[in-house]
Amino acid sequence: MTLVSSPAESGTALISNEPAIPALVPILLAMRELMSSSEPWTIAPADLRAYKWLGATIFPRRTIYIDPLQDWEDWAETLLHELIHALRGPLPEEEYDAEEAIVEAATRRIMRSMLAELRAAIGAQR
Ligand SMILES: [Zn+2]
């Protein structure tokens with residue numbers, strides 16, 4: 001799940017005022033893997049405000065729920081975060097906190113590295 005109150009989901013802590021487009025490639029690769037499996041995953045909009053979540057990965061339903069009312073940056077980051085949860089698989093509840101930290105770090109790493117690659121590519125052409 002992605003908590004609304006987590007600073008990494010606020011859109012300010014990660015890549016402030018930068019478009020989330022650099023995360024597009026890993027997002028697409030993750031989506032392709034999940035949607036082309038023998039038991040494909042579904043990505044669906046959901047109002048998760050009652051839980052104070054921006055997104056949720058529900059393994060028994062093989063569904064990722066995303067709050068569609070987020071701005072573009074938060075939406076892309078939330079989707080990437082939930083895709084990583086889905087790809088990593090379910091865990092016992094006592095491991096949730098550790099897993100959340102791992103997924104957060106992976107999400108940040110991907111968003112940052114893709115942004116750096118985009119900047120390098122733009123710079124190389126000038
Ligand atoms: Zn999470």
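Can Glu73 be described as acidic (Asp, Glu), within 11 Å of the ligand (Cβ to nearest atom) and either touching a residue at least 24 places away in the same chain (Cβ under 8 Å) or in contact with a helix residue (DSSP H, G or I) (Cβ under 9 Å, 6 or more places away or on another chain) (or both)?
Values: acidic (Asp, Glu): yes; within 11 Å of the ligand (Cβ to nearest atom): no; either touching a residue at least 24 places away in the same chain (Cβ under 8 Å) or in contact with a helix residue (DSSP H, G or I) (Cβ under 9 Å, 6 or more places away or on another chain) (or both): yes.
The answer is no for Glu73.
For beta carbons closer than 8 Å, sequence separation of 6+ or different chains, a first residue in segment 78-97 that is more than 21 Å from Met111 (Cα to Cα) and a second that is in a helix (DSSP H, G or I) and within 10 Å of the ligand (Cβ to nearest atom), the qualifying pairs are Leu91/Glu99.
Results for (1) within 12 Å of the ligand (Cβ to nearest atom); (2) not hydroxyl-bearing (Ser, Thr, Tyr), shown as yes or no for each residue.
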{"site": "Arg32", "(1), (2)": "no, yes"}
{"site": "Met35", "(1), (2)": "no, yes"}
{"site": "Gly55", "(1), (2)": "yes, yes"}
{"site": "Thr63", "(1), (2)": "no, no"}
{"site": "Asp67", "(1), (2)": "no, yes"}
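With the condition kept exactly as written, say whether any residue in segment 17-32 is at pLDDT 90 or above, of a type in the set (A, V, I, L, M), assigned to a helix (DSSP H, G or I) and surrounded by fewer than 18 Cβ atoms within 10 Å (Cβ to Cβ). No, segment 17-32 has no match at all.
Suppose the filter is touching a strand residue (DSSP E or B) at 6+ places or on another chain (Cβ under 6 Å), farther than 22 Å from Ala106 by Cα and either loosely packed, with under 12 Cβ neighbours inside 10 Å or modelled with pLDDT of 95 or more (or both); does Ala46 pass it? Yes.
The set of residues in segment 64-90 being within 19 Å of Glu100 (Cβ to Cβ) and not in a helix (DSSP H, G or I) consists of Ile64, Tyr65, Ile66, Asp67, Gln70, Gly89, Pro90. Starting from residues that are more than 11 Å from the ligand (Cβ to nearest atom), acidic (Asp, Glu) and surrounded by fewer than 11 Cβ atoms within 10 Å (Cβ to Cβ), keep the ones in segment 91-108 and report whichever is nearest to Ala30 (Cα to Cα). So, considering only residues that are more than 11 Å from the ligand (Cβ to nearest atom), acidic (Asp, Glu) and surrounded by fewer than 11 Cβ atoms within 10 Å (Cβ to Cβ), the one nearest to Ala30 (Cα to Cα) is Glu93. Checked against the criterion of being within 15 Å of the ligand (Cβ to nearest atom), of a type in the set (Val, Ile, Thr), modelled with pLDDT under 90 and surrounded by 18 or more Cβ atoms within 10 Å (Cβ to Cβ), the candidates Thr78, Thr2 yield just one match: Thr2.
The values are calculated or read from the model by the stated rules, or taken from the named source; none is laboratory data. Values in this document were obtained by computation on a predicted structure and should not be read as measured data. Positions of Cβ are generated from backbone atoms using ideal geometry, with glycine treated the same way; all protein chains shown enter the neighbour counts.
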